[in-house]
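Q: Starting off with a structure, shown below.
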Amino acid sequence: MKIIHTGDVHIGSALSALPPEKAAIRKREIFEGFVALTRYAKDNGVAAVLIAGDLFDENGVAPHWKKETLACIAAASPVRFFYVSGNHDNGLEFIPPLPENLFTFSQNHGWYTYDLGEGITLTGADSRNFPQAFSTPLRLPENKFNIVMLHGGEELPFSKLQNGNIDYLALGHIHKPMPKAEKLDFRGVYRYPGCPEGRGFDEVGARGFFLLEIRGGRLTNEKFLSLAKRTVQEVRVDITACESYFDVENRAFEATAQIPTGDMLKVVLCGNPRAELKKDVSLLLARLCEKFFFVKIEDITRPYINPRAFENDLTERGEFVREVGRYEMNEAFRAEVLEVGLKALGGEEIDL
């Protein structure tokens, strides 16, 4: 049996970190990514799709997103979809009627189990029902391949899930995919698939879902697949040796040359360039935005200040540098003090 493990789709996410026009595009792309997953499942003989919470971003998501989502689930029949609620859609009520191929775990106030066939069971509990579900240890049939689906992070009581005959614990909530499933106990493993599409710069790198194959009571194959429209990328650019803005721009474009133009990009300027270097971050941002879907620049550089250059400087700047040199402090902190002080003496804006 082929099973997809996904979660944290966050359909309807506000994407407030993006400009409105970019947010509108990405909001639609996130939904279309879920549609692509449902079509992949139908076209490739997948029997079940496990959605481990946060299908939608918030309880107040626009009704049309719910309607479109239910329609694409229904269109993927005979694939069955199984869904537990998460912290962003906790207790979310779907717009009835639900498609016949969508199954939830809200029938009671604890665990609920489905028989998937071929000796495979699927047990889950909605996030709002955790207190009742975990009030007693979970014990599943020893002679079955048992999957449990939950949405949660460190707050999950893993100890109460151990030694309960779980073979695969399908989790949601952590947005970074786990390349390799981790051991739960002597019998089972657990895994987070991450989110199918990166939404912001805290979701850098490949995003997708896991395709599992279960045969004869064993997990025989597992693959990470990505249908993401765009990838969120982060690149560090060391501009220590740069002599001019022209050098900074060249370094940035060289560092990003292999990144697809449709991706979202965060450029981190780093290093210790000369204090007089004009980086012109605004111009660099404009130039990179001509190439990529969306760009953010973070400047963490610290200017290199050579105290010897101020030995004979009779200005306030020279006196300040010499005074700082009289105190014992680590070099990183000294560089920060010199940077802030020289900016203040020069009437420049100070970022603290």
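Q: Lys/Arg Cβ at +1, Asp/Glu Cβ at -1, dipole of region 2-225 taken about the Cα centre: which of Pro196, Leu184, Phe158 is farthest positive-ward?
A: Of the candidates, Leu184 comes out farthest on the positive side.
Q: Continuing with this model, one more query. Would you mind pulling out the separation of the Cα centroids of region 243-269 and region 44-59, in Å?
A: Value for the Cα centre distance between the two parts: 36 Å.
Q: Select from region 247-316 those GluC sites (Glu not before Pro) which occupy a DSSP coil region and have at most 13 other Cβ atoms within 10 Å, ordered by residue number.
A: Glu276, Glu290, Glu311
Q: Right, something else. Taking every pair of alpha-carbon atoms in the chain, give the share separated by more than 27 Å as a whole percent.
A: When all Cα pairs of the chain are counted, 57 percent exceed 27 Å.
Q: Run the Debye formula on the Cα coordinates of region 71-226, all scatterers equal and no solvent, and tell me log10 I(q)/I(0) at q = 0.20 1/Å.
A: Those come out to -1.58, one per q.
Q: As an exercise, use a Förster radius of 56 Å and the Cβ-Cβ distance of Ile300 and Ala36 to find the FRET efficiency, rounded to the nearest 0.05. Can you show the working numbers first?
A: Details: r = 36 Å, r/R0 = 0.65.
The computed FRET efficiency comes out at 0.95.
Q: Hey, what angle do you get for helix 331-345 against the long axis of the chain, alpha-carbon based, 0 to 90 degrees rounded to 10?
A: The two axes meet at around 60 degrees.
Q: Calculate the all-directions average of the projected area of region 189-294's alpha-carbon convex hull, and give it in nm².
A: Details: hull surface 34.8 nm².
That works out to 8.7 nm², a quarter of the Cα hull's surface.
Q: I would also like to ask the following. Place the peptides 181-187, 47-53 in order of packing, highest mean first, counting for every residue the other Cβ atoms within 10 Å and averaging per peptide.
A: 47-53, 181-187
Q: Let me ask another. Apply 1/(1 + (r/R0)^6) to the Cβ-Cβ distance of Ser77 and Ala14, taking R0 = 41 Å, and write down the FRET efficiency to the nearest 0.05. Display every interim value, and only then the final one.
A: On the way: r = 31 Å, r/R0 = 0.76.
That gives a FRET efficiency of 0.85.
Q: Taking only DSSP H segments of four or more residues, each worth -39500 (n - 2.57), what value at 222 nm results for the chain once the sum is divided by all its residues, to the nearest 500 deg cm²/dmol?
A: -7500 deg cm²/dmol
Q: Nearest 5 percent is fine: what portion of the DSSP beta bridges confined to the chain is antiparallel?
A: Details: 19 of 59 bridges.
Rounded to the nearest five, the antiparallel share is 30 percent.
The numbers here are math on the coordinates, done by the rules we state, and not lab data. Predicted model, so just to flag it, every value in this text is computed and none were measured. FYI the Cβ positions are ideal-geometry reconstructions off the backbone, even for glycines, and counts take in every protein chain you see.
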